[in-house]
1. Among what's in segment 152-200 and is farther than 28 Å from Glu23 by Cα, surrounded by 12 or more Cβ atoms within 10 Å (Cβ to Cβ) and touching a His at 6+ places or on another chain (Cβ under 9 Å), pick the residue that is modelled with the highest pLDDT.
2. Counting only residues that are over 20 Å from Tyr67 (Cα atoms) and either among the charged types (D, E, K, R) or modelled with pLDDT of 85 or more (or both), how many does segment 117-151 have?
3. Confirm whether Phe173 is out of contact with any helix residue (DSSP H, G or I) (no Cβ under 6 Å at 6 or more places or on another chain) and within 21 Å of Leu71 (Cα to Cα).
4. Out of all the residues in segment 167-184, is one or more more than 21 Å from Tyr94 (Cα to Cα) and either not assigned by TED's automatic domain parsing to the domain that holds Lys96 or not in a helix (DSSP H, G or I) (or both)?
5. Which one of these is assigned to a helix (DSSP H, G or I), in contact (Cβ under 8 Å) with a residue 40 or more places away in the chain and buried (at least 19 other Cβ atoms within 10 Å of the Cβ): Ile18, Ile34, Ile60?
Amino acid sequence: MIRKNIPDAKNRILQAAIQVFAEKSFEGSRVDEIAQEANVPKSVIYYHFKSKDEILEVLIQNFLQGYLNLLAMDETDTHQKRVEQLTERFETRYSKFEENNADIIRIIMIESLKKSNEKPVIFKMVEAMIEKEIALHHWSNDEKHERLVAEFFTRFIPTYAYTCFRESWMKYFDIEKEGLDKLFAKIFMATHGAYHKYHE
């Protein structure tokens, strides 16, 4: 039980749920395990949340809000400025956010990969990312779909996969974090970065 130092029981439950869901998957976990990890009686969980599903919904909404707050920091920037600062933003702001939220990203990836999930939350994130640009540039449907594909398949999937696999990759291939981060940033800029430079 590692959540005793979080005084607020609701937040302790949420943090414990992230840990349990990331280790055992949402489907493979039980409310009893969350209660044990959070160091609270099971009844306290049901006082704050109707079900395990609601806990997951709150976790995803909190993550999504954090991501939208991150995007809001760039709202006044021009596309050219965003392109010029892409490396810096990737290596500091966005990679830090993803590293701090690695377990919830792992949960989102697992949930998004379910064949039965027709509206993965990760799709909503890429939509939110380009929503303001669509309104600003009055893109056609083809232009909108091109940007969605570019952001999803050359930005979200690679960086979220990297976030999920980085620790095990370091152990398996015996490479230090700093060296691996530099290699990934180099490849990321050669793919996603190149797309944005081409569309300046």
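The values are calculated or read from the model by the stated rules, or taken from the named source; none is laboratory data. Here the structure is a predicted model, which means the values were calculated and not measured. With ideal geometry, Cβ positions are generated from the backbone for all residues, glycine too; neighbour counts draw on all protein chains shown.
1. Among those that are farther than 28 Å from Glu23 by Cα, surrounded by 12 or more Cβ atoms within 10 Å (Cβ to Cβ) and touching a His at 6+ places or on another chain (Cβ under 9 Å), it is His196.
2. Summing the residues that are over 20 Å from Tyr67 (Cα atoms) and either among the charged types (D, E, K, R) or modelled with pLDDT of 85 or more (or both) in segment 117-151 gives 8.
3. no
4. Looking through segment 167-184, at least one residue is more than 21 Å from Tyr94 (Cα to Cα) and either not assigned by TED's automatic domain parsing to the domain that holds Lys96 or not in a helix (DSSP H, G or I) (or both).
5. Ile18
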